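FYI, it's all coordinate maths here, none of it is from the lab. Since the model is a prediction, treat every value here as computed from it, not as a measurement. Neighbour counts are summed over all protein chains in view; Cβ atoms, including those assigned to glycine, are modelled from backbone coordinates with ideal geometry.
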Amino acid sequence: MRELKFRQALMSFGKFCGWHYWGFIDGKFVSPAESDYGAVNPVAMARKYSHQSVGRADSDNRTIYEQDILLTAKGEKLKVVFEMGTFCGKGKGHAINSSPIFFNYHKIIGNTIENPELWEAK
């Protein structure tokens, strides 16, 4: 059974400060952090900024999470999303279904929290 691991962006007054990892890790439960000092509802903010681990690594052996931006061998950017019960890499206007080896051939170049310009730019 794979670990249920999440990465949560820690925010302070709407600005990214770092990551907090939570979930069932090494057989123990680590709780989410109450992030975004200055937010009306810090628990809602924790939910908004938490991304689940895909359970796979990229070509550099880094753990892939939802909202990571991957670069394919063909130079296409894909955003990792969870849709219709599965993780997939979604390009501009289409989705590529994940398979057990899918993510191993891609490289993480950023994520939508720290590097939103990577996804928004052409």
* To do: Could you pull out which residues in region 60-80 have an amide N less than 17 Å from a spot 7 Å beyond the Cα of residue 90, following the Cα-Cβ vector?
  => 65-71, 77-80
* Structure fact -> Extension length gain for residue 52 and residue 105 (0.36 nm per residue less Cα distance), in nm, is 17.1 nm
* Subtract the Cα-Cα distance of residue 31 and residue 15 from 0.36 nm times their separation in residues, and report this length gain in nm to one decimal. => 3.6 nm
* To do: Treating cross-link reach as a plain straight distance, find the lysines whose alpha-carbon is under 22 Å from the alpha-carbon of residue 28, omitting any fewer than eight places away in the same chain.
  => 5
